[in-house]
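All remarks here apply to the structure that follows.
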Amino acid sequence: MQEMPKAYDPQSVEAPLYRMWMDKGYFRAKPDPDKTPFSIIMPPPNVTGELHLGHALTATVEDLLIRWHRMLGDPTLWLPGVDHAGIATQNVVEREIAKEGISRHDLGREKFLERVWQWVQKVRSRIVIQHMRLGVSCDWEREVFTMDEGPQLAVRTTFKRLFDEGLIYRGERITNWCPRCTTAISDLEVDHVETQGSLWYVKYPLLDDEGNPSADYIHVATTRPETIVADTAVAVNPNDDRWKHAIGKTALLPIIERHIPVIADEEVQPEFGTGAVKVTPGHDPTDFDIGQRHNLPIIVAMDAEAKMNEHAGPYNGIDRFETRKLIVADLEKLGLLEKREDHVSSIGHCSRCDTIVEPIVSKQWFVKMDPLAKPAIEVVRDGRIEIMPQRFERVYMHWMENIRDWCISRQLWWGHRIPVWYCNSGDMFACVEEPTECPKCKSKAIEQDPDVLDTWFSSALWPHSTLGWPNQTEDLRYWYPTSVLETGYDILFFWVARMIMMGLYNTGEVPFRHVYLHGLIRDDKGQKMTKSRGNVVDPLDLIEKFGTDAVRFTLATGGTPGNDFRLFDEKLEQGRNFANKIWNAARFFVQSAGEGRVQLPHDSHTAESRGDWPLEDRWIVSRTLSTAREVNRLLGEFQVNEAGRLLYDFFWSEYADWYVEMAKVRLRDGDNSPLPILAHVLQTSLRLLHPIMPFVTEAIWQHLRDHVDGLEEALIVAAYPTGEGANDPEAEENAALVMDVVRAIRNIRAERGVDAGRFVEAFVVSNGASATLEGARPVLESLARVRPLHFVADVSEAPSANVASAVLPEAQIVMPLAGLIDLAAERDKLSKQLADAEAQVSRLEGKLGNDDFRSKAPANVIAREEENLASTRSRAEALRTRLSELG
RNA sequence: GGGCGAUUAGCUCAGUUGGUUAGAGCGUCUCGCUUACACCGAGAAGGUCGAAGGUUCGAGUCCUUCAUCGCCCACCA
């Protein structure tokens, strides 16, 4: 039997308990064909570095759900994993080797990838340790990495299927190009920032019929003058009278002096700028489309790092923004710059490195999304997948319905290599296994595409690839579709939407039933936590400082699903204090139990079986039942925060503040009858709390087993209370009255300045509730520190001079407090209360006198209001009597 | 240009089928005897639930408009 220290010490408790859970194999998934499984595939953290608070939140919520279901007896699988995070990891490792003064090109592809793998090994183990510190009860034996063989096979199989069905294609398209990462990125990887910039008005000379520059100009407006060198046309709206005369003519491109046509295209908005637009199909998405329609040549005037190339004439080799300055100056010199205006526009930045993205035409691989999106829309519409909070379903729909093709090729080294080979005959083909020859011409001169896939491609397959797909494994059959996906709303499109599409495409089934989206965790000022701001908080630091349970409790209850929330020390202190409260409430029990063993009450399920128990016992047992029921309901609705709050309130404000104090009254008299009830409520609370606060509850559980019979060997596998059994409304009502009386007396004592320790005389006037109150005499005397305590049936039996009083709906308190009475204050207080009561009475009279209310409101509401009116009336009456006695 | 969210006590936030006199934590003010806990206990003060309309017997909760802040989506040069 071990002593419990005075304060809960997370540091000394957490690691041994986690080891115990692991050693006993409690985390291991055990399928049972007769039961409905509950499964979660953990969102794999990136191997870019440490876990952040978003991961901690995901881990908390998922662990909570898993522990809850495990205790309910459901077969549970929680499968952990790690993501190779292509571009992000490559960037991190590039920065690492830059410290040694080398670039990836110095190393070469193979050596560089070796360095990445070294990095991965290091970071993976840290992520695992961090997760363990958070108390996650996932099945570690099943941990998967996105670059493992299984996911590799799934990636290549999926690619080949899509390729063979024509849903993957390769084409020269305009894509977002990051000149720093030197790769194409998808639309989603571009962050748009409203930026104050300039709009330059430039005059292009029009050529006359002989092909010589005329005095006539066409005026264009541009925000990116450096792209002038790649213009292949000028476009105007066909209905624009100002420019009708120019359509079909030829303009002379300044500086480059190329002849370009003036064309008409509906896309051009006459209201903007001059109504004439320079067309640069190689460097602008809209212009690319116009170019396609008019068969314009495409000129790309920049290299991979966005330096101007040979197409840029005098600017060859110069950076794009430097070129912008130079060309503006040159145009001015030529007299072709008409004016400059301030102009705000939205500039795309690489979400990985914040470099300004350049739209550039290049050869890339794309997935045709429309056919994949349709079924994905369907499953959310018909409820096969539920997204919470529900408002995100609209966001999802909007994106799906306007979906654009997905650029999946990346000019990177780290990632899944595109499984396409080119034959020197000009053929290309996709393969699952590495081929040795071209399937068509049998040539051995084949070469694999050098590019890798967008990291989200493998992520999209995660729920089924981790379970063995494309093999039809037992795991896949049993655990798929998974139950819940928990992640941040910021990756709804990146990940959730794509998992739904690819899951349906590959398996014909949804990947998960429920999507639970959490908000962003912000700092105390509401700012996003970013490395550049330096306000990123490491979950481990918080765990060291407050304990894991405190962090989990705070994350789980501190906010609402889908909404951002601020995290700061005061919030975590609340969690820490709660853990300590639980610890000490248990400590009180353990001390009270002493050497003896306590039996749990063997029949507490029906109100009758508890009929002759003391009021406070009946009350707390009844309240425990409702709490258990409510917690299960809330968890079932994923209202994790409300479940946590409810448990907090129940445990602290009802069990600890009231029941334990009431139990002390009997215990002090040497009556040990509260012990079974204390044990019962305590162990039930521990079960209920365990999913949210696994460590403190398990630690206490192990202590409790020394004192209480019939407890399972470990709380993590103990049964979860569901609250079956009958409540005892009568006991709840009577206990409420007792507590009200105690509170009223305490209030008088405090207001009149009665010494805290002093016992004083009190009269409780009550008719209907006298038996209840008489039964609670020891509790009242002790908790309110009143003695002698008189129960009388009528106010006339209580003294009226020099008294302080309080009027409750079912009782009045009269306390003779010679020397402490301030008549004016007393009158004031009672008058105010009377005014409140009278206002209440007239409000209720009005309400109940309203025929509409009587005929339309439900009966129980009417009955309640009637009761309310009656008791408020008698309360007002009592107050008037008291006041008149005061004179 | 569309869409979404937030606006509730000094601060940070709950409040999910509309139904008693709107809650919590922190902070503030009093007081602290106790078989757990000062990471505590008792008592108190503090809110016209962003504004204006509307629906309803009844609105913090539903509808409309507006304001402020924040976010997402969008190829207007």
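With the simple model of a label 7 Å out from the Cα in the direction of the Cβ, residue A:245 to residue A:172 spans 3.7 nm. Evaluated with a Cβ-only charge set (Lys, Arg +1; Asp, Glu -1), chain A carries a dipole of roughly 940 debye about its Cα centre, given to the nearest 20. Pairwise inverse Cα distances across the range A:459-617, averaged and inverted, put the Kirkwood hydrodynamic radius at 20.3 Å. Our analysis of the range A:534-681 gives Rg over Rh at 1.05, with the two radii drawn from alpha carbon positions and Rh computed by the Kirkwood formula. Close amide H pairs (under 5 Å, H built 1.01 Å from N) link residue A:598 with A:708, A:709, residues at least 5 positions away or on another chain.
With q set to 0.11, 0.15 Å⁻¹, the log10 of I(q)/I(0) for the range A:721-857, from the Debye formula over equal scatterers at the Cα positions, is -0.51, -0.82. What the phi angles of the range A:332-349 give under the Karplus curve with 6.51, -1.76 and 1.60, with θ = phi - 60°, is a coupling list of 4, 4, 7, x, 9, 8, 7, 6, 10, 10, 5, 8, 9, 9, 8, 9, x, 10 Hz, glycine and proline written as x. Counting only heavy atoms of protein chains, what accessible area per residue, in Å², does chain A have with a probe of 1.4 Å? Heavy-atom SASA per residue in chain A reads 43 Å². Placing +1 on each Lys and Arg Cβ and -1 on each Asp and Glu Cβ, with no other charges, gives the range A:716-791 a dipole about its Cα centre of roughly 540 debye.
For chain A, the Stokes-Einstein estimate of translational diffusion at 25 °C and a viscosity of 0.890 mPa s comes to 74 µm²/s, using the Kirkwood hydrodynamic radius over alpha-carbon pairs. Overall, the range A:1-137 carries a charge dipole of about 140 debye about its Cα centre when +1 sits on the Cβ of Lys and Arg and -1 on the Cβ of Asp and Glu, all other atoms neutral. Across the range A:39-151, the volume of the C-alpha convex hull divided among the residues equals 100 Å³ per residue. Once Lys and Arg get +1 and Asp and Glu get -1 on their Cβ, which of A:380, A:411, A:355 lies farthest toward the positive end of the dipole of the range A:349-420? Farthest along the dipole direction, towards plus: A:411.
Distance between the pseudo-spin-label points of residue A:193 and residue A:106 (7 Å out from Cα toward the beta carbon): 2.9 nm. Principal axis analysis of the Cα atoms in the range A:797-887 yields extents of 54, 21, 15 Å, listed in decreasing size. Within the straight-line cut-off of under 19 Å between alpha carbons, the lysines reachable from residue A:99 are A:111, A:122, A:531, sequence neighbours fewer than 8 places apart in one chain being disregarded. Backbone phi angles across the range A:144-153, fed through the Karplus curve with coefficients 6.51, -1.76 and 1.60 (θ = phi - 60°), yield HN-Hα couplings of 10, 10, 4, 9, 5, 4, x, x, 4, 4 Hz in residue order; Gly and Pro are listed as x. For chain A, the longest principal axis of the alpha carbon atoms and the long axis of helix A:53-72 meet at an angle near 50°. In summary, the lysines within cross-link reach of residue A:374, defined as a Cα separation below 26 angstrom excluding same-chain residues under 8 places away, comprise A:160. Is the shape of the range A:442-496 best called rounded, prolate or oblate, per the rule: a/c under 1.5 gives rounded, else a/b larger than b/c gives prolate, else oblate, with a ≥ b ≥ c the square roots of the Cα gyration tensor eigenvalues? Oblate, because a/c is 1.5 or more while a/b does not exceed b/c.
Dipole orientation for the range A:166-258: of the candidates A:175, A:232, A:212, A:175 has the Cα lying most toward the positive pole (charges on Cβ; Lys, Arg +1; Asp, Glu -1).
Peptides A:444-452, A:184-192 ranked from most to least packed, by the mean per-residue count of other Cβ atoms within 10 Å: A:184-192, A:444-452. Residues A:42, A:20, ordered by accessible area of protein heavy atoms at a 1.4 angstrom probe radius and largest first, appear as A:20, A:42. Near residue A:829, which lysines are there with a Cα under 29 Å away, not counting those fewer than 8 places off in the same chain? Partners within reach: A:847. A Förster distance of 25 Å, applied to the separation of the beta-carbon atoms of residue A:165 and residue A:267, puts the FRET efficiency at 0.20. With unit charges on the beta carbons (Lys and Arg positive, Asp and Glu negative) and the dipole taken about the Cα centre of chain A, which residue among A:529, A:697, A:860 sits farthest to the positive side? The residue sitting farthest along the positive end of the dipole is A:697. Using just its DSSP H runs of length 4 or more, each adding -39500 (n - 2.57), chain A gives a mean residue ellipticity at 222 nm of -13500 deg cm²/dmol after division by all residues. Note on exposure: A:630, A:172 ranked by accessible area (1.4 Å probe, complete protein assembly) read A:172, A:630, with the most exposed listed first. Please list 3J(HN,Hα) in residue order for the range A:680-697, calculated via the Karplus relation 6.51 cos²θ - 1.76 cosθ + 1.60 where θ = phi - 60°; whole Hz, with x for glycine and proline. 3J(HN,Hα) across the range A:680-697, in whole Hz: 4, 5, 4, 5, 5, 5, 4, 4, 5, 7, 3, x, 7, 10, x, 6, 5, 5. Take the Kirkwood radius over Cα pairs of the range A:346-435, plug it into Stokes-Einstein at 4 °C and 1.567 mPa s, and you get 77 µm²/s for translational diffusion.
For the range A:513-590, applying the loop criterion from DSSP together with a ceiling of 15 other beta carbons within 10 Å to the chymotrypsin sites (Phe, Trp or Tyr not before Pro) yields A:568. Computed from the C-beta positions of residue A:35 and residue A:873 and an R0 of 60 Å, the FRET efficiency is 0.60 to the nearest 0.05.
Annotation: amide H-H contacts under 5 Å for residue A:46 (H modelled 1.01 Å from N, sequence separation of 5 or more, or interchain): A:83.
The values are calculated or read from the model by the stated rules, or taken from the named source; none is laboratory data. Because the structure is predicted, anything quoted here is derived from the model rather than measured. Don't worry about glycine lacking a Cβ; one is built from the backbone with ideal geometry, like all the others, and counts go over all protein chains shown. When the accessible area is computed, the model is the full protein with side chains, heavy atoms only, and any ligands, DNA or RNA have been set aside. Shrake-Rupley method; radii C 1.70, N 1.55, O 1.52, S 1.80 Å.
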